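First up is the structure itself, then whatever we jot down about it.
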Amino acid sequence: MNQSSSQSSNRSLPDSEYYRAFLDRDSNYDGIFFAGVRSTGIFCRPTCSARKPKLENCEFFATAQDALLAGYRPCKRCHPTDHPGSTSPLIKELITLVESDLTRRWKDQDLRARGIDPTTARRQFKSRFGMTFVAYARARRMGEGLKTIRSGERVIDAQIDSGYESGSGFRDAFSKMMGSPPSGNVAHTLKAEWIDTPLGPMIALADESALHLLEFVDRPGLETEILRLRQKHGLAILPGRTPITELLESELASYFRGQLQEFTTPLHLYGSDFQKSVLKILQQIPYGETWTYAQQSEALGNPKAIRAVARANGMNQIPILIPCHRVIGSDGKLTGYSGGLARKEWLLDLEKRRKS
């Protein structure tokens, strides 16, 4: 498994420099990076006064959200989710609520029931560290559920190591996202793998013959997407690697280095016949080029199906390999992308540079 500590394209310094700043409690780096400590499962700001671990037990993140999605919880000593030198009773209260039940999906009415204005909570979380309260709770929940995939351990091993008892906490977080271990009524089992990329971590679901899903772990709606996949097709998901994920990881690394323009990883497509035909058209868009939705519809043989094509593109579960990032608006501007427009622009720039 790729356990690289480089979690974000925004980080440009070597780990040794971040580690030096972490050891020295250098305040110049506050807000620049966060340090995850593998042995404790917490993440800290650079100025944390806690005893420092060895470099091999550290990994460094550009944002608090990256650390949360990697399965780390905030340090109670240095409070990395607060701005340096500031505290917020509301933020502390809400973080405590999240930690008390990591599997809960928080809604505005839950906050109102506690006398908390959802708008105030959203604004304070956004101003403190760049994400809303709901996004924070989701990242913490996702990180806990993905932790076992990232480490490559069995669910029960990770559960015991995390100190949770059966039927609570960690196991629930994983099971709610990925489903229970296979039983007699499961039609098929997929293996889930965590893959680090320059644009952030991704999760890959594959069996021995094909890739079924590849998504950025911070994609909104990922949990629902996986749940729909499990329920509709009778799938069970467990941590692990297959020859397909090994090939995928190798090809993604080459792609991000600008050394690969066509993927050979076998794909398993889901959806209606129309949706599958749209995905196959996407695969025909040449590397380094862009099409409009109108061009894609014409290639499909149905020029009037622009909106339907756009919807089908949005349901793509295997981005990059099925390059929906190569589709732009008729005015030449970037349009919606599940991984975010910044990632879309990055991918297009990479391909344009390498093609020329």
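Just so it is clear, none of the values below were taken in a lab; they were calculated from the coordinates. Being a predicted model, the structure only gives us computed values, none of them experimental. Backbone-built Cβ (ideal geometry, glycine too); neighbour counts: all protein chains shown.
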Inset, instruction - Grab the Cα-Cα distance for Ala308 and Leu260, subtract it from 0.36 nm times how many residues apart they are, and report the gain in nm with one decimal. - result: 14.2 nm
Legend entry - Label-reachable residues, the stretch 269-311, where backbone N falls under 19 Å from a point 7 Å from Ser330's Cα toward its Cβ: 290-311
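Fewest Cβ neighbours within 10 Å first, please rank Arg114, Arg20 accordingly.
Listing Arg114, Arg20 from fewest to most nearby Cβ atoms yields Arg114, Arg20.
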Legend entry - Hits among lysines - C-alpha to C-alpha of Lys54 under 25 Å, sequence gap 8 or more where chains match: Lys76, Lys147
Inset, instruction - Quick one: of Lys276/Lys352; Lys191/Lys352; Lys333/Lys355, which pairs are farther than 22 Å apart, Cα to Cα? - result: Lys276/Lys352; Lys191/Lys352
Legend entry - Under 18 Å from Lys126, Cα to Cα: lysines that are on another chain or at least 8 residues apart: Lys92, Lys107
Inset, instruction - For the stretch 260-356, state which trypsin sites (Lys or Arg not before Pro) are in a DSSP loop and have at most 16 other beta carbons lying within 10 Å of their beta carbon. - result: Lys304, Lys333
Legend entry - Partner aspartates and glutamates for Lys280 [C-alpha distance under 19 Å; skip if fewer than 8 residues away on the same chain]: Glu215, Glu262, Glu289, Glu298
